[in-house]
Amino acid sequence: MAKIFCIANQKGGVGKTTTTVNLAAGLAQIGQRVLVVDLDPQGNATMGSGIDKRKLETTVYDVLLESSSIAEAKAWADKAGYDVLGANRELAGAEVELVELERREARLKSALAAAADSYDFILIDCPPSLSMLTLNGLCSAHGVIVPMQCEYFALEGLTDLVNTIKQIHANLNPDLQIIGLLRVMFDPRITLQQQVSDQLKAHFGDKVFDSVIPRNVRLAEAPSYGLPGVVFDPASKGAQAFVDFAKEMVKRIGAMR
Ligand code: ATP
Ligand code: MG
């Protein structure tokens, strides 16, 4: 039975998609069966896994509207080594269409329940908002992985996310918990980042993952080749950090079960 995680942070450009595809590729490399669900109309996780979002006939949109199952709608990301339930611009319409429908926040959850036996990990790449799409993600998940940059305003944004997660935990999904905060695009030479990192650890204790993802240009270059950095340049510091993070996740999940 798969463990399901949302990669979420309502702040834009903090590294959600990079974390999703590289964690997925890292997990695949250590023998885990992985499904990536792209819940963002930008379709970056889809493209970054080597799947052309413009050519997809079925996407997560069809799954949310219950016209397709995940088994029918998924695509195999050959080089990355995992399945992808892709997204493209069409998904932006789902936001409006879902409002009219019953069980609107639980659509993804039902669909994932039917697919959960086929995977060890399901990773959901959320859009940069606390929208109906993100809500569907958070209602489906056992936990949230929060990538964050160690910058001054990072902690402020975290409060909103933590409150949202608490509300969903109380009202809609009692399974939901923060699995951990992942420090990304980290540069230890910058004093402020070191300070924010220390604050994070003081505040959140072991909810801060041990793994730290450095700022690394190879991770930024990889999507233009349709590959996660872990596959594009396995020897790079960024790739190695994500493989370490994948191992840390497997360990933590072992402790959760
Ligand atoms: P959005 O909110 O738009 O969905 P996001 O949170 O998914 O954004 P990403 O797309 O993963 O963020 O990353 C934003 C940018 O930063 C991208 O150009 C990505 O390549 C780059 N990036 C992410 N992580 C790293 C890193 N560790 N080192 C260098 N560049 C990075
Ligand atoms: Mg993204």
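The values are calculated or read from the model by the stated rules, or taken from the named source; none is laboratory data. Remember, predicted model here, so these are calculated numbers, not experimental data. Here the Cβ is made from the backbone with ideal geometry for all residues, glycine too, and neighbour counts use every protein chain on show. SASA here: full protein model, heavy atoms, side chains in, ligands and nucleic acids out. Shrake-Rupley method; radii C 1.70, N 1.55, O 1.52, S 1.80 Å.
A compact table of results
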item: Apportionment of accessible area to carbon and sulfur, the chain, percent (1.4 Å); result: 51
item: For the range 1-99: accessible area per residue (Å², 1.4 Å); result: 39
item: Nearest-0.05 FRET efficiency for Leu155 and Arg218, computed from C-beta distance (R0 30 Å); result: 0.60
item: Choice from Leu85, Leu182, Leu158 showing the highest fluctuation, given a GNM over the chain with Cα pairs closer than 10 Å; result: Leu158
item: Selection of GluC sites (Glu not before Pro), the range 51-93, meeting DSSP coil and at most 14 other Cβ within 10 Å; result: Glu57, Glu66
item: Relative contact order (percent, whole number), the range 3-256, Cα cutoff 8 Å, 6+ residue spacing; result: 26
item: Span-like helix ranges in the chain, DSSP H, alpha carbon extent 18 angstrom or more, Kyte mean at least 0.0; result: 16-29, 154-171, 237-256
item: Candidates Ala111, Ala24, Ala202: whichever shows maximal mean-square fluctuation once the chain is modelled as a Gaussian network with Cα springs under 10 Å; result: Ala202
item: Low-density loop cleavage sites - trypsin sites (Lys or Arg not before Pro) in the range 89-194, where at most 14 other Cβ are within 10 Å (DSSP); result: Arg89, Arg103, Arg189
